[in-house]
Ligand code: FES
């Protein structure tokens, strides 16, 4: 009687062991393809990283200059290389100012001295928006907020820019 109990117990032990080992192996086989399927969704997009925009600090003057660059962006399984732009110059202290060229009124593109009537200003042609050199919106014109600045860093003498930073209105 006790012998039979022991045989059943061994069989159960073997069943549990084989089931456990089999389940462990099956899980191991499933994890890899599952991770490959989900991984791109879990990864952060590269849009927040600072990017070398291809201009050396020595080449930046006190006159706003437009620079363009591309960033590598990954959204899930979709990769793209959207372009970015900034107006860049050195202020009176020699600090680098990097401004978004996107008008804060309705999103047109502003230009430095884009209007003969408004020298020393950023001008938006869509609705005559005006900003001073530091990107602050001129009261009485349509934009209600300054041009955003960019996160920035200097590495090995080159300018790196990241995300834009919104500012309070004038
Ligand atoms: S979009 Fe620039 S002033 Fe309206």
**Report entry** Subset of region 83-95 (residues that are surrounded by 11 or more Cβ atoms within 10 Å (Cβ to Cβ) and assigned to a strand (DSSP E or B))
**Finding:** 84, 85, 86, 87, 88, 89, 90
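Has region 133-143 got any residue that is touching a residue at least 60 places away in the same chain (Cβ under 8 Å) and touching a strand residue (DSSP E or B) at 6+ places or on another chain (Cβ under 8 Å)? Outline the logic, then answer.
Looking only at region 133-143, we keep the residues that are touching a residue at least 60 places away in the same chain (Cβ under 8 Å), and these are 133.
So of that shortlist, the ones also touching a strand residue (DSSP E or B) at 6+ places or on another chain (Cβ under 8 Å) come out as 133.
Scanning region 133-143 turns up at least one residue that is touching a residue at least 60 places away in the same chain (Cβ under 8 Å) and touching a strand residue (DSSP E or B) at 6+ places or on another chain (Cβ under 8 Å).
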Report task. Answer yes or no as to whether residue 67 is touching a helix residue (DSSP H, G or I) at 6+ places or on another chain (Cβ under 9 Å), modelled with pLDDT of 85 or more and surrounded by 10 or more Cβ atoms within 10 Å (Cβ to Cβ). Result -> no
Query raised in the report: Of all residues in region 47-58, which are surrounded by 13 or more Cβ atoms within 10 Å (Cβ to Cβ) and more than 15 Å from residue 85 (Cα to Cα)?
Result: 49, 57
Query raised in the report: Just one of 32, 100, 111, 47 is at pLDDT below 85 and closer than 28 Å to residue 144 by Cα; which is it?
Result: 47
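Report yes if some residue within region 106-114 is surrounded by fewer than 11 Cβ atoms within 10 Å (Cβ to Cβ), without any contact (Cβ under 8 Å) to a residue 24 or more places away in the chain and closer than 20 Å to residue 166 by Cβ; otherwise report no. Please lay out each step first, then the result.
Going through region 106-114, the residues surrounded by fewer than 11 Cβ atoms within 10 Å (Cβ to Cβ) turn out to be 107.
Add one more test, that the residue is without any contact (Cβ under 8 Å) to a residue 24 or more places away in the chain, and what stays is 107.
Next, from what is left, pick out any that are closer than 20 Å to residue 166 by Cβ: 107.
Yes - at least one qualifying residue is present in region 106-114.
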Requested in this report: Looking only at region 134-152, decide whether some residue is under 19 Å from the mean Cα position of the chain (by Cα) and over 22 Å from residue 52 (Cα atoms).
Outcome: no
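The values are calculated or read from the model by the stated rules, or taken from the named source; none is laboratory data. Just so you know, these numbers come straight off a predicted model, no measurement behind them. Neighbour counts run over all protein chains shown; Cβ positions are idealised from the backbone, glycine included.
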